[in-house]
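Here the structure comes first, spelled out in structure tokens, and everything after it is commentary.
Each value in this text was obtained by applying a stated rule to the coordinates, not by laboratory testing. Just so you know, these numbers come straight off a predicted model, no measurement behind them. So basically every Cβ, Gly included, is an ideal-geometry build from the backbone, and we count neighbours across all protein chains shown.
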Amino acid sequence: SMAGAYEGFARVIRGYDPEHGGFAETEFTVTLDGGCGFGGKLTAACFAPDGSILDSFEC
């Protein structure tokens, strides 16, 4: 878990989680891995420049 911003970025976004745990959000990170390609859902999100999530969906 990250304790602060990384290199001036508001958030680190990753699209792969070895556990395929779905959507996970912390103060400094967002994971978007619903397991697409492994029998799970495709997860996507739209982010504002400040790192806040404007919209997200799974299908």
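Observations
- Among beta bridges that DSSP assigns inside the chain, antiparallel share in %, nearest 5: 70 percent
- Subtracting the Cα-Cα distance of Glu27 and Ala3 from their residue separation scaled by 0.36 nm leaves 7.8 nm.
- The Ser52 and Glu19 beta-carbon pair, evaluated with R₀ = 30 Å, returns a calculated FRET efficiency of approximately 0.75.
- Rel. contact order, % - alpha carbon contacts under 8 angstrom, at least six apart, the chain: 24 percent
- Cα centre as origin, Lys/Arg/Asp/Glu Cβ charges: the chain dipole, Debye: 100 debye
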